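Below is one structure, written out as structure tokens; the observations come after it.
The values are calculated or read from the model by the stated rules, or taken from the named source; none is laboratory data. Owing to the predicted nature of the structure, the values given are computational and were not obtained by experimental measurement. Cβ sites come from the backbone with ideal geometry, for glycine too, and all protein chains shown count toward neighbours.
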């Protein structure tokens, strides 16, 4: 049951966001360099609808989209951590987003209209500018409670064409650091083909 909590939480995090309500003002984001490419046993997932690929640890389970297969919007793919991770998961989501929206607008809108409104006990711990697949990105680390279960998250936001994307990692706060490196290594392989 706990393994499915992050899937439910992921679907709450990136519901369609109303563009008009986002703040386009300056953001208080610091910079960070992306992690190096992994040297671990991995499998490759390719999404044909959005033309991207990502490597994920071979001991993580690919579960696709829990509702409709790959699809073109919403949760695109879910990877469930090994049994020892208890609640670890990685979710990749896409939302149709009005062009030419900025990355800062998208990240701010997700926080204001989704995270703060839908997550109990939402607390942002850190936010940094980074890159993913050679594109600018924002990484946000936060905690929240889902179905009475405290979780810690890392989300990476980026915009490509008319879609806003998020790659999310979640786990219990006590186990978050143990599998965060697997998330960073997977993210370092993400690329649009």
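So that you can scan it fast, the table gives a plain yes or no per residue for (1) surrounded by 19 or more Cβ atoms within 10 Å (Cβ to Cβ); (2) part of a loop (DSSP other than H, G, I, E, B); (3) at pLDDT 90 or above:
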site: 28; (1), (2), (3): no, yes, no
site: 34; (1), (2), (3): no, yes, no
site: 50; (1), (2), (3): yes, yes, yes
site: 79; (1), (2), (3): yes, no, yes
site: 87; (1), (2), (3): yes, yes, no
site: 92; (1), (2), (3): yes, no, yes
site: 100; (1), (2), (3): no, yes, no
By residue number, the members of the range 122-176 that are closer than 19 Å to residue 85 by Cβ, in contact (Cβ under 8 Å) with a residue 40 or more places away in the chain and assigned to a loop (DSSP other than H, G, I, E, B) are 147, 172, 175
key: Hey, residue 124 more than 22 Å from residue 53 (Cα to Cα) and either at pLDDT 95 or above or buried (at least 20 other Cβ atoms within 10 Å of the Cβ) (or both) or not   = yes
